[in-house]
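Below is one structure; the comments refer to it alone.
The values are calculated or read from the model by the stated rules, or taken from the named source; none is laboratory data. All values reported here derive from a predicted model rather than from experimental measurement. Cβ: placed from backbone, ideal geometry, glycine included. Neighbour counts: every protein chain shown.
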Amino acid sequence: MSGGRPREACGVVAVSGHPEAPQLVAEGLVALQHRGQESAGVAYRARGGPIRLERGMGLVLEVFPGLVVPGEGSFAVGHVRYSTAGTSDLANAQPLLARTHLGPVALAHNGNLVESAPVAAAPPGPDASDTALVLAAVAESRAPSLEKALESVLAQARGGFAMAALGPDRLWAVRDPRGIRPLVLGRLEGGWALASETCALDAMGARTIREIDPGEFMTIEDGAAPRSRRLFPREAAAPCIFEAVYFARPDSLVAGSTVHALRRRMGGELAAEHPVDADVVLAVPDSSVSAAEGYAAALNLPLEQGLIRNRYLGRAFLEPDPLRRDARVRRKLAVIPSAVAGRRVVLVDDSIVRGTTARHLIGRMWEAGAREVHLRIAAPPYRHPCHYGVDTSRAQRLFAGERPDPSALARELLATSLGYLSLEGLVRAMGGGSHCTACFSGQYPVPVGVMAGATLA
Ligand code: SF4
């Protein structure tokens, strides 16, 4: 959790069959930096050579200055991390590399495994990530090959996960049976690419082909077309709806539309459900800008820039530190007084998780002379923890979860009024379909027990 907002759940990138695979993966990781800022890493292999691993704590450009990965190879997997299971240190920075009796394997993982995940007889330690647990189980497998070992271990996995693995002569990709966490396939000149979002494929110069299907296990060998098989019985798809609300970059494609277009539609639905007579609409930058555009357009209200995000604070301001949360939000977001003085303001945000950001911004608007401050949230109340790879699984106190009455919540935040988009409105904006909506609805598509890492603690 950062500044009262949920943190993303890691980004995965992989390339096969391209002579500059490690560099391309680094390009893809920069495009996914919004999904994790704690660590970055690239594992790569030249034809016939060993797998090499370069990783470190920090942003991609801090770990790979000039975006240079020191080495060459035609296969590579990469990862940016925000820890959702396991501690935040270099040992858990991904990809993780294991040298097993079946050969070396590097694994990059987005998501969390839940209780029924495979646990090795000799687990790697109490602080191990669920990624390390998977590798430990692969290392103990009696399967005849790495591919068979990965298949049999991952076939027991449950939760929300998308993984890319690099072996001696091929890449593998797998997505959880419900497709909760995202993974897309792209085509490169002479090769293939995988990424958590299409914006990373674009950054690598890859053409988006399709999403990896829920439950699909894909093998990509050098120069060959991908081979796929289903690892799990078919289940109803439940992709994370919060990807479109908040996580994904506006230029990424989700369910065939850009995230920007989906968020505009959410803003339009929000305007239909909670219109207000106002002078100006302001967006909480950056993830709410598209929804604010949709809200303002639907009500024919002017949209102005009234908030400034400080983009130069660096990682220090992303450290988990509840005592200093208010100070962090103050440093991060500022109000332009002339945009709000004497005006009836609508402030559009995409979520209230802890209430820190909303409380701060509304207070600043009153100080700047606003006549009214109406808070509009382009998503339903975030009431339930996520157990599929988002850090609210560790949040004991979710603001809306403790305050079911929006008018009481508005009073507490000192807002003139508060309106949330309904779950029905959100699904309408997505164009229908089935989704994971558990953090809004409490309906968990995969039964949630104890997190895989926690079972060993
Ligand atoms: S609980 Fe929410 S954040 Fe987690 S996967 Fe489901 S929709 Fe996404």
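Acidic (Asp, Glu), outside the structural domain of Glu38 (by TED's automatic domain parsing) and modelled with pLDDT of 95 or more: is that true of Glu412 in this structure? In short, no.
Consider region 133-163. How many of its residues are in contact (Cβ under 8 Å) with a residue 60 or more places away in the chain and farther than 14 Å from Pro104 by Cα? Residues flagged as in contact (Cβ under 8 Å) with a residue 60 or more places away in the chain and farther than 14 Å from Pro104 by Cα within region 133-163 amount to 10.
Listed by first and then second residue, the pairs with beta-carbon distance under 8 Å, at least 6 apart or on different chains, first residue in region 405-416 and loosely packed, with under 12 Cβ neighbours inside 10 Å, second not in a loop (DSSP other than H, G, I, E, B), are Ser407/Leu418.
Selection of region 353-364 for residues being more than 25 Å from the chain's Cα centre (by Cα) and touching a residue at least 40 places away in the same chain (Cβ under 8 Å) yields Ile362, Gly363. Examine region 237-250 for a residue that is surrounded by fewer than 20 Cβ atoms within 10 Å (Cβ to Cβ), more than 16 Å from the ligand (Cβ to nearest atom) and not basic (Lys, Arg), and state whether such a residue exists. Yes, region 237-250 contains a residue that is surrounded by fewer than 20 Cβ atoms within 10 Å (Cβ to Cβ), more than 16 Å from the ligand (Cβ to nearest atom) and not basic (Lys, Arg).
Counting the residues of region 268-300 that are touching a residue at least 40 places away in the same chain (Cβ under 8 Å), surrounded by fewer than 20 Cβ atoms within 10 Å (Cβ to Cβ) and more than 27 Å from the chain's Cα centre (by Cα) gives 6. Ala255 meets the conditions (1) surrounded by fewer than 20 Cβ atoms within 10 Å (Cβ to Cβ); (2) away from the ligand (no atom under 15 Å from the Cβ); (3) more than 19 Å from Ala76 (Cβ to Cβ) in every case but one. The failed one is (2). For a quick check of your reading of the model, give me the residue pairs whose first member lies in region 428-439 and is over 13 Å from Arg178 (Cβ atoms) and more than 11 Å from the ligand (Cβ to nearest atom), whose second is acidic (Asp, Glu) and at pLDDT 95 or above, with beta-carbon atoms closer than 8 Å and at least 6 apart or on different chains. From region 428-439, the pairs are Arg428/Glu269; Ala429/Glu269.
Pairs are defined by a Cβ separation below 7 Å, a sequence spacing of at least 6 or placement on different chains, a first member in region 231-246 that is more than 16 Å from Gly389 (Cβ to Cβ), and a second member that is within 8 Å of the ligand (Cβ to nearest atom); no pair meets this definition.
Determine whether Val30 is among the β-branched types (Val, Ile, Thr), buried (at least 24 other Cβ atoms within 10 Å of the Cβ) and modelled with pLDDT of 90 or more. The answer is no for Val30.
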